[in-house]
Amino acid sequence: MTETYTVRLEPVGVDLEVEEGETILNAAFRQGISLPHGCKEGQCSACKCNLMEGEVDLLKYSTFALSDGERENGGILLCRSLALDDLTIELLNFDEELLSKSIAVKDFQGRITRKENLTHDIRAIEIDLATPIKFWAGQYVDITVRTKEGETVTRSFSMANTPDEAQKLRFIIKKYPDGRFSNELDAGGIEIGADVTVRGPFGGCFRREDRTGPIVLVAAGSGMSPIWSILHDHIASGEDRPVYFFYGARTQGDLFYLDEIAAITAAHPEIAFIPVLSHADDDASWQGARGFVHEVVQTELRRLGIEGDGDAYACGPPPMIDALSPVLFMQDFDPDRTFYDKFTPSTAPVALKAH
């Protein structure tokens with residue numbers, strides 16, 4: 001018979017039940033309790049907490065996420081912790097709105113119904129689900145598919161569609177040289193009609209409602225996917241707030257959805273789109289911003305006089321997020337109103353955040 005333990009989460013006063021052999025984070029997902037998390041694989045430190053009472057067994061993790069000194073002082077990672085008895089845990093980071101909007105993680109069956117090349121290394125796919133999934137704009141799911149060669153691949157991707165399209169999901173995917181999912185899309189290992197299992201939703205970088213002040217959206221590469229969802233969900237909400245949408249790419253050939261964005265900005269003059277190219281020095285035809293996206297964000301926010309009193313959402317590769325974070329801090333954006341989603345490529349056989 002499987003042993004069950006009670007975990008008390010402080011200071012929010014929430015209890016959850018954890019089964020033997022189940023990580024605390026997975027138990028929370030199962031019971032619809034949304035806790036801070038990122039990679040779910042012990043790599044990013046987003047779910048780091050303090051163990052106040054009880055004992056846990058920690059699965060393999062990176063010392064970047066939890067140092068030896070932190071572990072000796074009671075630090076744990078919820079995504080790697082197996083309860084050995086009843087526990088009391090102090091949450092170091094928690095979001096009351098995230099907890100209030102918790103959605104139980106479930107499995108959904110579906111199939112791939114469309115594939116599209118957006119650029120030389122950006123792909124889009126659509127998945128039709130047998131039953132609708134509830135999620136918030138900006139969240140992601142784990143997708144598991146079996147290739148034609150019989151290999152099972154699981155990767156995490158953010159939805160590009162809005163929550164009202166709950167049975168037809170769209171995803172924008174970056175192709176990496178050794179990407180086991182993205183390369184199979186091109187090589188024919190994953191074709192239209194392939195059956196998939198979708199598990200989710202996950203993620204705390206989702207659109208917050210009923211706020212004031214400007215909205216700053218920053219994306220690069222396939223970070224467009226959750227930002228596209230957040231942007232359209234904001235438009236559908238009818239909220240009248242200025243939006244500054246920055247997208248970083250290398251060259252003009254790496255830009256996509258330009259016609260769709262032009263239509264949006266024409267219909268909604270309060271939305272400004274600022275594309276940024278990092279490798280446009282030899283392109284005389286380029287009339288947009290040049291440089292790295294975090295640099296342009298800093299320059300534009302200062303030029304516009306935007307300091308805090310707004311919401312910022314940033315989705316893309318870790319170097320972009322790491323460079324952007326101090327920029328938003330220096331512009332006095334409230335950390336509680338600043339949301340990040342780091343997209344990490346992976347060729348490992350486990351499910352990592354691999355957009």
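Points worth noting:
- Selection status of A272, surrounded by fewer than 18 Cβ atoms within 10 Å (Cβ to Cβ), part of a helix (DSSP H, G or I) and in the same structural domain as S325 (by TED's automatic domain parsing): no
- Number of positions in the range 75-91 that are surrounded by 13 or more Cβ atoms within 10 Å (Cβ to Cβ) and assigned to a loop (DSSP other than H, G, I, E, B): 5
- Screening S229, S182 for residues that are at pLDDT 95 or above and among the hydroxyl-bearing types (S, T, Y) leaves exactly one candidate, S229.
- Long-range neighbours under 6 Å by Cβ, at least six apart or interchain, first residue assigned by TED's automatic domain parsing to the domain that holds P335 and farther than 17 Å from G204 by Cα within the range 303-325, second among the acidic types (D, E) and loosely packed, with under 13 Cβ neighbours inside 10 Å: E307/D332; G308/D332
- Test set (1) under 21 Å from F339 (Cα atoms); (2) surrounded by 20 or more Cβ atoms within 10 Å (Cβ to Cβ); (3) of a type outside the set (A, V, I, L, M, F, W, C) - P319 fails condition number: (2)
- Within the range 149-163, residues that are free of Cβ contacts under 8 Å to residues at least 60 places away in the same chain and outside the structural domain of I227 (by TED's automatic domain parsing) have Cβ atoms under 6 Å from residues that are of a type outside the set (G, A, S) and surrounded by 21 or more Cβ atoms within 10 Å (Cβ to Cβ) in these pairs: V153/V145; V153/F181, counting only partners at least 6 apart in sequence or on another chain.
- Within the range 242-269, the set of residues being under 18 Å from R208 (Cα atoms) and free of Cβ contacts under 8 Å to residues at least 40 places away in the same chain comprises P242, V243, F245.
- Number of residues in the range 211-232 that are under 16 Å from A272 (Cα atoms) and in contact with a Gly (Cβ under 9 Å, 6 or more places away or on another chain): the value is 9.
- Every condition in (1) farther than 23 Å from F343 by Cα; (2) of a type in the set (S, T, Y); (3) modelled with pLDDT of 95 or more holds for S285 except the one numbered (3).
- Among the residues of the range 51-64, none qualifies, meaning not one is buried (at least 21 other Cβ atoms within 10 Å of the Cβ) and at pLDDT below 95.
- Unique match (being within 19 Å of I127 (Cα to Cα), at pLDDT below 95 and under 21 Å from the mean Cα position of the chain (by Cα)) among F206, F171, F202: F202
- Scanning the range 288-321 for residues that are touching a Pro at 6+ places or on another chain (Cβ under 7 Å) and within 22 Å of T212 (Cα to Cα) returns I306, G310, C315.
- Among residues of the range 27-50 being at pLDDT below 95 and surrounded by fewer than 18 Cβ atoms within 10 Å (Cβ to Cβ), the one that is farthest from E3 (Cα to Cα) is G32.
The values are calculated or read from the model by the stated rules, or taken from the named source; none is laboratory data. These numbers come from a predicted model, not from an experiment. No Cβ is skipped: glycine too gets one built from the backbone with ideal geometry, and neighbour counts run over all protein chains shown.
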